[in-house]
Amino acid sequence: MPDAPEAYTPPKVWKWDRPSGGRFADINRPVAGPTHDKELPVGAHPLQLYSVATPNGVKVTMMLEELLALGHSGAEYDAWLVNIMGGDQFGSGFVGVNPNSKIPAMVDRSTSPPTRLFESGSILFYLAEKFGELLPTESAARAECMNWLFWQMGSAPFLGGGFGHFYAYAPEKIEYAIDRFAMEVKRQLDVIDRNLAERRFLVGDQYTIADIATWPWYGALVKGRLYEAGEFLDVASYANVVRWTNEIAARPAVRRGRIVNRAWGPEEERLLERHSAADIDAVLR
């Protein structure tokens, strides 16, 4: 039998002396700030989005398409693709908008001076307040919406950076890590499922930014679009989550939003940049 791997003893002070391995090893680093000078492009619309169609990016394009469907012409936007594998997020222009170097990032140029926005939950809240949509105005319902919005923001790292990393991207399969995060993701699915047993949407009968924030992660998981882990996590057993997922997936604005800044998958689901509604129409025709 092969020898058991030597147990790892953490040093007193951790130092970054070699790549960590895995799919994102070339872009992970323990320091912030830009690595190169690169200005961001600016289009014709007040809202400039710099993103890619990962779940956090899809939240914002879903929101913008919902606002446009509600008749808010001021929600017209330019969506520029950020090549995260190529390190675009470390360019000086991007870091100037988001010092954390993560997508999505947005600039609202309708204000003076322009308003920078980063963190997907913050962007959703900003847009909901700006346009007066998808966020309850009654105090208790608004608080409940914020409960679920912040729940999603705090929970998704366990699904993405935890489960997703060790199940799909880590250079080796570590049973302990996969079991630990699979258990947590299934607990989260149970949290949502129990809530949706009594409600049409996360907050009640009203579709809100809480649903928009949560669907690109947990809906994508149910739809088999995330880590190819649906069977492993037995997502079909969460009947209320499946029902909620399918209802939201059928919304025209969701179909439109999820293809923006998508550089992979079937051709009919890919749109690298969006500068007008016609760009999406041409893909979904």
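The values are calculated or read from the model by the stated rules, or taken from the named source; none is laboratory data. Bear in mind that the values here come from a model prediction, so they are computed numbers and not experimental data. Positions of Cβ are generated from backbone atoms using ideal geometry, with glycine treated the same way; all protein chains shown enter the neighbour counts. These area figures cover heavy atoms from the full protein model, side chains too; ligands, DNA and RNA do not enter into them. Shrake-Rupley method; radii C 1.70, N 1.55, O 1.52, S 1.80 Å.
At a glance:
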{"item": "Taking segment 193-251 and dividing mean pair separation by its residue count, relative contact order in percent (alpha carbons under 8 Å, at least six apart)", "result": "36 percent"}
{"item": "Span per principal axis, largest first, for the Cα atoms of the chain (Å)", "result": "67, 51, 40"}
{"item": "Cα lying deepest toward the dipole's positive end in the chain, options Ile280, Gly265, Gly161, charges on Cβ", "result": "Gly161"}
{"item": "Simple Cβ-charge dipole of the chain, Lys/Arg +1 and Asp/Glu -1, about Cα centre, in debye nearest 20", "result": "220 debye"}
{"item": "Residues Ala249 and Arg116, FRET efficiency given R0 of 30 Å [Cβ-Cβ distance, rounded to 0.05]", "result": "0.45"}
{"item": "Student exercise, segment 189-281 dipole from Lys, Arg, Asp, Glu Cβ charges, in Debye to nearest 20", "result": "200 debye"}
{"item": "Label-point separation in nm, Lys38 to Ser92, each point 7 Å along Cα→Cβ", "result": "1.4 nm"}
{"item": "Computed E for Ala7/Glu228 - FRET, C-beta separation, R0 25 angstrom, nearest 0.05", "result": "0.20"}
{"item": "Mean accessible surface per residue for segment 99-230, computed with a 1.4 Å probe while every protein chain stays in place, in Å²", "result": "46 Å²"}
{"item": "The chain, relative contact order in percent, only Cα pairs under 8 angstrom and at least six apart counted", "result": "21 percent"}
{"item": "Label-point separation in nm, Trp16 to Ala278, each point 7 Å along Cα→Cβ", "result": "4.4 nm"}
{"item": "Dimensionless Rg over Rh [segment 1-136; C-alpha; Kirkwood]", "result": "1.13"}
{"item": "Spatially close lysines, pair count over the chain: Cα under 17 Å, gap of eight or more or interchain", "result": "5"}
{"item": "Segment Tyr126-Glu198, extension gain: residue separation times 0.36 nm, minus the distance between their alpha carbons", "result": "23.1 nm"}
{"item": "All Cα pairs of segment 90-161, percent lying beyond 14 Å", "result": "68 percent"}
